[in-house]
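Right, one structure below, let's go through it.
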Amino acid sequence: MKRLLLAAVLTLATALPAMAQTVVIVRHAEKVDSSADPLLSDAGQVRAQALAAQLAGDHLSAILTSPLQRTILTAAPTADLHGMTSEAIPLSDGLQAHLAAIAARVEAAPADAVILIVGHSNTVPLIARTLGYAGAADMPDCEYDRLTTLHLMGEGRAHGVVSRYGEASTCA
């Protein structure tokens with residue numbers, strides 16, 4: 001009887017569909033100034049640490065950033081915590097090529113992958129939409145605490161949940 005029950009459980013477990021990919025998308029943390037490629041401010045460094053704490057229990061498969069240092073520095077504490085390095089997706093060929101490269105990298109990941117993407121206020125919503133989350137709202141330049149978690153369900157569909165992390169952003 002126990003063998004029959006075990007066989008039934010194993011059959012059911014292998015018949016279930018594969019887990020959906022999980023993609024976490026955040027904007028880079030607060031920057032020190034408005035120059036072309038600034039470092040993170042003190043508040044930004046604190047937020048980057050808060051992101052690492054938020055994702056400490058996740059088993060990340062990849063971390064994708066833009067090539068700008070504010071995204072790489074935002075991802076760095078999380079990468080360090082997970083013993084990983086982030087992968088910078090080029091912006092040099094334009095925004096559409098950047099979005100396509102991110103989508104291709106996500107699509108190439110295993111079905112159960114958990115991927116962190118660190119972008120910019122103008123790219124975070126576009127990345128979410130490109131991955132199938134049509135409900136992604138535009139992001140004001142003053143918003144740094146949005147964390148969008150997507151569960152990709154295939155066929156260009158995604159279920160999204162928006163939450164917050166770190167100190168609340170103060171948008172006037």
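The values are calculated or read from the model by the stated rules, or taken from the named source; none is laboratory data. This structure is a prediction, so every number in the text was calculated from the model and none was measured. Cβ atoms come from the backbone with ideal geometry, glycine included; neighbour counts cover every protein chain shown.
Assigned to a helix (DSSP H, G or I), in contact with a Lys or Arg (Cβ under 7 Å, 6 or more places away or on another chain) and of a type outside the set (Phe, Trp, Tyr), is that true of Arg70? So Arg70 fits the description; yes.
Of the residues Ala50, Ala79, Ala88, the single one that is under 15 Å from the mean Cα position of the chain (by Cα), touching a residue at least 60 places away in the same chain (Cβ under 8 Å) and on the phi < 0 side of the Ramachandran plot is Ala50.
Out of Ala88, Ala7, Ala52, which single residue is more than 28 Å from Gly156 (Cα to Cα) and either at pLDDT 95 or above or surrounded by 20 or more Cβ atoms within 10 Å (Cβ to Cβ) (or both)?
Sole residue among the options that is more than 28 Å from Gly156 (Cα to Cα) and either at pLDDT 95 or above or surrounded by 20 or more Cβ atoms within 10 Å (Cβ to Cβ) (or both): Ala52.
Candidates in the stretch 32-47 are the residues that are surrounded by 10 or more Cβ atoms within 10 Å (Cβ to Cβ) and not in a loop (DSSP other than H, G, I, E, B); of these, the one that is nearest to the chain's Cα centre (by Cα) is Arg47. Annotation note: Cβ proximity below 6 Å between a residue of the stretch 96-114 that is surrounded by 14 or more Cβ atoms within 10 Å (Cβ to Cβ) and a residue that is among the charged types (D, E, K, R) and not in a helix (DSSP H, G or I) (sequence gap 6+ or interchain) occurs for Val114/Asp58.
Of all the numbered requirements in (1) surrounded by 14 or more Cβ atoms within 10 Å (Cβ to Cβ); (2) in contact (Cβ under 8 Å) with a residue 60 or more places away in the chain, Tyr133 misses one, and that requirement is (2).
Which residues, counting only those in the stretch 150-172, are crowded, with 19+ Cβ neighbours inside 10 Å, within 23 Å of Leu73 (Cα to Cα) and either without any contact (Cβ under 8 Å) to a residue 24 or more places away in the chain or within 13 Å of the chain's Cα centre (by Cα) (or both)? Once the filter is applied, which keeps residues that are crowded, with 19+ Cβ neighbours inside 10 Å, within 23 Å of Leu73 (Cα to Cα) and either without any contact (Cβ under 8 Å) to a residue 24 or more places away in the chain or within 13 Å of the chain's Cα centre (by Cα) (or both), the stretch 150-172 yields only Leu150.
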